[in-house]
Every structure is written in structure tokens, then in C-alpha cells.
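S.K.: I have a structure here, written as C-alpha cells, and I will follow up with some questions on it.
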Amino acid sequence: MAIVAGGVGIASVLLCAQTLRNAGARVRLFYGARTVDLLVEARRFADAGCEVIVTTDDGSAGERGFVTDALARAPSPN
């Protein structure tokens, strides 16, 4: 299961991700922000057992570019 989020809306999807993980789903969060300073809550998703793929517009954390680009390149889950 892929979840794509960015900015301040990230906090609202944590419960969804936790619920999916508790049901046994593999959850990958694709999380984008303009800069590393704007990344919030990413650690909480990792702590919940989600795979976290981070992108920043300026490359200050994770991959440089848009989160939708990382999603497009991601292999399909098994």
C-alpha cells in the first residue's frame, strides 16, 4: 500500500498508516517537502513500521525532486 503526502497534511495520514500496518499491510510512505526543515512526523511513520521514501525540492534530505517522481519510479510492491 502506498501513501503519498507532503506538507502539513502528513499528520492526518499517520492513523491510516498505523491501521493498515496493524492489519498486516506493507505500507510505503512517499513524503515530500520543500526542505529538510519542513519534514515533520517522518520518524513516527518509520517507528510504526512503514517504509519511508523522502524527497525534498532542494535535495536537503532524501532524494532531490518531487514526491510524485519518486512514486512513479518505485517498483510495484510484491
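Coordinate-derived values only; no laboratory data. What you see is a predicted model, and the numbers here were worked out from it, not measured in a lab. Positions of Cβ are backbone-derived with ideal geometry, glycine not excepted, and every protein chain shown enters the neighbour counts.
S.K.: Expressed as a whole number of Å, what is the distance separating the alpha-carbon centroids of segment 53-75 and segment 17-52?
M.R.: Result: 14 Å between the Cα centres.
S.K.: Right, another one. Positive end of the dipole of the chain, charges at C-beta (+1 Lys, Arg; -1 Asp, Glu), about the Cα centre: which of 40, 1, 65 has its Cα farthest in that direction?
M.R.: Farthest towards the positive end: 1.
S.K.: Let me ask something else about it. Would you mind counting up the charge near residue 45? Only other residues with Cβ under 15 Å from its Cβ, with Lys and Arg at +1 and Asp and Glu at -1.
M.R.: Once all neighbours under 15 Å are counted, the net charge is +2.
S.K.: Using label points projected 7 Å from each Cα along Cα→Cβ, tell me how many nm separate residue 12 and residue 40, to one decimal.
M.R.: According to this spin-label approximation, the distance is 1.4 nm.
S.K.: Further question: With θ set to phi - 60°, apply the Karplus curve 6.51 cos²θ - 1.76 cosθ + 1.60 along segment 55-65 and write out the HN-Hα couplings as whole Hz, x wherever there is a Gly or Pro.
M.R.: 10, 10, 4, 9, x, 6, 8, x, 8, 7, x
S.K.: Using amide H atoms built 1.01 Å from N in the peptide plane, name the residues 5+ places from residue 53, or on other chains, whose amide H lies under 5 Å from its own.
M.R.: Under 5 Å from the amide H of residue 53 lie the amide H atoms of 29, 30, 31, each far enough along the sequence or on another chain.
S.K.: What is the dipole size for the chain, taken about its Cα centre, with +1 at each Lys and Arg Cβ and -1 at each Asp and Glu Cβ, in debye to the nearest 20?
M.R.: Approximately 260 debye in magnitude.
S.K.: Compute the normalised compactness of segment 2-73: alpha-carbon radius of gyration over 2.2 N^0.38 Å, N being the residue count.
M.R.: The value comes to 1.02.
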